[in-house]
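Have a look at the structure below before the remarks.
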Amino acid sequence: MSDARNHTHPHNNSLSKEFHMPIRFLAPAVLALLLSSSSQIFAESPSSDDWPNWRGPLHTGQADADQTAPVTWSNTENIKWSSRIPGKGHGSPIIIGDQVVLATSDDEAEIRFLVSIDRTSGEQNWITPIHTGKATPARNEKGTQASATPASDGERIYINFLHDGAAYTSAVSLDGELLWQTRITPYIVHQGYGSSPFLFEDLVIVSADNKSGGAIAGLDRSSGEIVWKHQRPKKPNYSSPVVYETSGSDQLLMTGCDLVTSLNPRTGEVNWEIEGATTECVTTTVSTNGLIYTSGGYPKNHLSAVRTDGTGEVVWQNGTRVYVPSMLIKDNRLYAVTDAGVAMCWDALTGEEIWKGRLGGTFSSSPILIDDKIYATNEEGLTYVFLASPDELELLAKNQLGEICFATPAVSRGQLFVRYAEMVDGNRQESLACIESNEN
């Protein structure tokens, strides 16, 4: 289902104010017709041009070296198109080939679903309900029922949702067909849920830390069968799993639940685990030179560097509150934007503070690194672009888009894809924008 009125035309420099039909008004038969009439989209392997998962192709928030993106934009400048998105979600978009895919939720109708948008036109390719009914609402006002980011291997798209008191992982084909669903673990909501799937070899790795006793699991990508499962403490935590090659091996790294944990990503066996971090973490860790970085915000503010060689050595730590936005590393510098809107830079190896400077606003979106520029968006939709400078904060631009933004942007082929929201007639309306320089 697509309607040209719901999209701006390329480079017309104005945002549409029309709406998609809310999904709650779509009868099941209409949804079935919608899916069956989707244009066929063939599998293709992710390339360096894609942004196929949470934190991008390198899993670090850093774009591939040949990527570029506009430095300036606004509601009327450098907008190729803007497409209205039904429902609500804080998960980020991914780009796989010519599709932009994101998760969203119609809370009134209790439907969680995936939406695919054509990256060239901004028109909707398909919309696939993943779960209906038996919703598990977030308790934190900043949480949503669609806060996870999908992941794609070029053949399937994988997504995590809560449903009927449990965490589930589902796989969808590139043309929107639901292929399989697997129940991972029971889930008691404390704040919400937003852990994103991670693809490693022939596995999709997922996590669901919570007060009922969570789990990290490795699932077969083709069937959804659980290959291994690692039980976790009965504590709330919100980090996503990530695998890095560090200290001579592939390590699945998780922070939170008062632990810093390394698992064998192929088997789920524990490589090493130490007491550390804090109970509730949201950030996805980064790694360099045999170190990983833990950051959390409850019950204490905590930032530390931990060796990945199994010794458990905490190389340095401080009390900076980097709770929700994940961090970046470039040339042995650790960059962060705190929840309270302060950009910071440390020596990644020693913890020495190099510089800090106030940006403004509150941040839930994570910064991304494109070339030598950091893009950081606050909750009011204002994106700061500054250099990943080893010496000082050097602000390049401030760009306003919409009124609300919690999702981290994605970049591909010189285009930025930003999920944002506006208040329209007293209602929150989400949109996905493709930002592209008019010179392209």
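The values are calculated or read from the model by the stated rules, or taken from the named source; none is laboratory data. None of the values given here were measured: they were computed from a predicted structure. Please note: Cβ atoms are built from the backbone with ideal geometry, for glycine as well, and neighbour counts cover all protein chains shown. Ligands, DNA and RNA are stripped out before the accessible areas are found, and what is left, the full protein with its side chains, is counted by its heavy atoms. Shrake-Rupley method; radii C 1.70, N 1.55, O 1.52, S 1.80 Å.
Neighbours of R321 by Cβ distance under 13 Å: Lys/Arg scored +1, Asp/Glu scored -1, total 0.
Simple spin-label estimate for N289 and E275 gives 2.9 nm between the two label positions (7 Å along the Cα-to-Cβ direction from each Cα).
Across S147, S249, S207, mean-square fluctuation computed from a Gaussian network of the chain (C-alpha pairs under 10 Å connected) peaks at S249.
At an R0 of 41 angstrom, the distance between the Cβ atoms of E225 and K142 translates into a FRET efficiency of 0.75.
Taking each DSSP H run with n ≥ 4 as -39500 (n - 2.57) and averaging over every residue of the chain yields -500 deg cm²/dmol at 222 nm. Amide H contacts under 5 Å for W272: S262, restricted to partners 5 or more places along the chain or on a different chain, H placed in the peptide plane at 1.01 Å from N. Across the options T267, P86, S304, the greatest Cα extent toward the positive end of the charge dipole of the chain (unit charges at beta carbon of Lys, Arg, Asp, Glu) belongs to P86. Only protein heavy atoms count here; under a 1.4 Å probe, S212 has an accessible surface of about 40 Å². In the chain, the portion of solvent-accessible area held by carbon and sulfur atoms comes to 46 percent [1.4 Å probe, whole percent, DNA, RNA and ligands not counted]. Summarising the label geometry, the points placed 7 Å from Cα in the beta-carbon direction at D309 and A65 lie 2.8 nm from one another. Centre-to-centre, using Cα atoms only, segment 207-285 and segment 41-116 are separated by 25 Å. Here's the list of lysines a cross-link from K235 could span, going by alpha-carbon distance under 17 Å and ignoring same-chain residues fewer than 8 apart: K211, K300.
Highest mean first, how do 228-238, 374-384 rank when packing is the count of other Cβ atoms within 10 Å averaged over residues?
Details: 228-238: 18.7, 374-384: 22.4.
Most protected by this proxy first, the peptides run 374-384, 228-238.
What do you reckon, how do S173, S47 stack up by accessible area (1.4 Å probe), largest on top?
Numbers: S173 15, S47 55 Å².
These residues rank, largest area first, as S47, S173.
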